[in-house]
Amino acid sequence: MRKFRLIIIFLPILLGLILLALVKKKQEMMKIEKAGEPYSVEYVKNLVFNSSFELGQGDQPKGWKFEGSGRKVYFYKDVIEKFDGKFSANINSDDSLSRASLFQDITEFPHGNKFILYGAVKTYGADTAFMRIEVYDTLGNLKSFNSTDFLSGANDWQVYTCAVIVGKDARKIKVRCVLIGEGRVWFDDVELVAVNYEGKDYPFWWRYWTKQSAR
């Protein structure tokens, strides 16, 4: 009987100590996670001009250029299928060997920073579609690049991102919206921003979070 009473007395105390230890351990894990991630991100202005393809005459969005290798590759501004605003950029191809892209060259940007590219993408029957950052030096050599996830088939609107380090010798950044092979792809709200970190220097392949947003 005495042992039973002792168990009743000390059992709540033991459970409380265990709970306290678990809470303390959770707090320590949260501190470790916070120290290991770039939580302090300073956003600056968007470096992509005419991100939503609203400006321009006809099917030529101001600030963007289109190039395609194939006879059955087309580009136009879509007023029906769009993620935001009045238009989206649509690339349409019936050539399985084609490579088409809508691109913009950026020459005014802060050097020695990390850059995030993000934008909304939708596909239908696409072989391969993605967005890409390319960094060139003063001689025109490609120094570094990174791409968003490669999409194929049908995918509803979603925002995708990638990041790259831009060195002090960089002369130009090229932002590309790409379709390889057949299919249709829409791009909208394409933006590029420079960010500053506090703490560790993260490698260029580090993937930023993906905004899971759809319309």
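The values are calculated or read from the model by the stated rules, or taken from the named source; none is laboratory data. Small disclaimer: the values here were computed from a predicted structure and weren't measured. Virtual Cβ from ideal backbone geometry, glycine too; neighbours counted across all protein chains shown.
Only one entry of Ile116, Ile106, Ile80 meets the criterion of being without any contact (Cβ under 8 Å) to a residue 12 or more places away in the chain and more than 23 Å from Gly181 (Cβ to Cβ), and that entry is Ile80. Selection within region 110-159: residues that are surrounded by fewer than 17 Cβ atoms within 10 Å (Cβ to Cβ) and among the hydrophobic types (A, V, I, L, M, F, W, C). The member of this set that is farthest from Ser51 (Cα to Cα) is Leu139. Taken as a whole, region 85-93 holds at least one residue that is touching a residue at least 60 places away in the same chain (Cβ under 8 Å) and over 22 Å from the mean Cα position of the chain (by Cα). When restricted to residues that are at pLDDT 95 or above and under 18 Å from the mean Cα position of the chain (by Cα), region 106-128 contains 8. The set of residues in region 95-109 being part of a strand (DSSP E or B) and either among the acidic types (Asp, Glu) or surrounded by 16 or more Cβ atoms within 10 Å (Cβ to Cβ) (or both) consists of Arg99, Ala100, Ser101, Leu102, Gln104, Asp105, Ile106. So for region 76-89 (the condition being in contact with an Asp or Glu (Cβ under 7 Å, 6 or more places away or on another chain), over 19 Å from Gln158 (Cα atoms), assigned by TED's automatic domain parsing to the domain that holds Lys168 and not basic (Lys, Arg)), does at least one residue qualify? So far as region 76-89 goes, yes, one or more of its residues are in contact with an Asp or Glu (Cβ under 7 Å, 6 or more places away or on another chain), over 19 Å from Gln158 (Cα atoms), assigned by TED's automatic domain parsing to the domain that holds Lys168 and not basic (Lys, Arg).
May I ask you to verify whether Gly119 is in a strand (DSSP E or B) and not aliphatic (A, V, I, L, M)? Criteria met by Gly119.
Per-residue answers, yes or no, for (1) at pLDDT 95 or above; (2) among the small types (Gly, Ala, Ser):
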| residue | (1), (2) |
| --- | --- |
| Val48 | yes, no |
| Gly56 | no, yes |
| Tyr74 | no, no |
| Gly85 | no, yes |
| Ala89 | yes, yes |
| Leu97 | no, no |
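Is it fair to say Ile173 is within 20 Å of Pro61 (Cα to Cα) and either aromatic (Phe, Trp, Tyr) or surrounded by 15 or more Cβ atoms within 10 Å (Cβ to Cβ) (or both)? Yes; evaluated as a whole, the condition is true for this residue. Residues in region 130-150 that are outside any loop (DSSP other than H, G, I, E, B) and small (Gly, Ala, Ser) were compared, and the one that is farthest from Lys168 (Cα to Cα) is Ser147.
Is it true that some residue in region 160-169 is of a type in the set (A, V, I, L, M, F, W, C), assigned to a strand (DSSP E or B) and within 25 Å of Val73 (Cα to Cα)? Spell out how you get there, then give the answer.
We begin by selecting, within region 160-169, every residue of a type in the set (A, V, I, L, M, F, W, C); these are 162-166.
Now narrow it down to the ones that are assigned to a strand (DSSP E or B): 162-166.
Then keep just the ones that are within 25 Å of Val73 (Cα to Cα); that gives none.
No, region 160-169 contains no residue that is of a type in the set (A, V, I, L, M, F, W, C), assigned to a strand (DSSP E or B) and within 25 Å of Val73 (Cα to Cα).
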